[in-house]
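Here's the structure we're looking at; comments come further down.
Readers should treat all values here as calculations from the given coordinates under stated rules, not as data from a laboratory. All of these numbers come straight from a predicted model, not from anything done at the bench. FYI the Cβ positions are ideal-geometry reconstructions off the backbone, even for glycines, and counts take in every protein chain you see.
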Amino acid sequence: MKATVYQYVYVSGDKTMTLVILVDENGSVIDRHNVTYEAYPLIDVAWSNFEHVTRIVHRCLGADIVDYHCNVLGHYQLTKRGNGYGRKLVQNRLTGKQSTKISWSNATEEEQGEESA
């Protein structure tokens with residue numbers, strides 16, 4: 001079985017929140033889960049929640065492959081290994097590993113010159 005996890009970590013007022021959506025291999029939503037944390041750095045909450053969710057997915061779904069998408073951590077591919085998962089970073093917006101840069105603004109004249117060269 002292959003599962004996909006979408007994790008969104010964000011700040012709401014004085015709390016840090018996570019929204020997790022579990023999706024099966026057919027694209028059907030299995031479950032949604034919201035968690036509220038004290039105001040901690042997003043990266044700490046993201047890793048803590050990542051570890052918790054992967055344990056839940058392993059125990060309850062037993063998925064062989066998990067695509068884990070997080071707005072803070074990036075995109076990981078997890079493969080089942082014994083009592084847990086091995087993980088491989090596929091894409092991270094901070095390091096740019098295997099990613100395409102998306103620009104939501106118009107290119108400056110300097111950038112346009114670089115593109116045409």
Packing rank of 61-69, 31-39, where each peptide gets the mean count of other beta carbons within 10 Å, highest leading: 61-69, 31-39
Under the Karplus curve 6.51 cos²θ - 1.76 cosθ + 1.60, θ = phi - 60°, whole-Hz ³J(HN,Hα) for the stretch 19-26, x wherever Gly or Pro sits: 10, 10, 10, 9, 10, 7, 5, 8
Charge context of GLU38, other residues only, Cβ under 11 angstrom, K/R +1, D/E -1: -1
Phi-based couplings in Hz for the stretch 73-86 (Karplus 6.51, -1.76, 1.60; Gly and Pro marked x): 7, x, 10, 10, 10, 9, 10, 5, 9, x, 8, x, 10, x
For the stretch 50-77 versus the stretch 1-25, the gap between their alpha-carbon centres in whole angstrom: 10
Amide H contacts under 5 Å for ASN71, placed H, 5+ residues apart: GLN7, VAL9
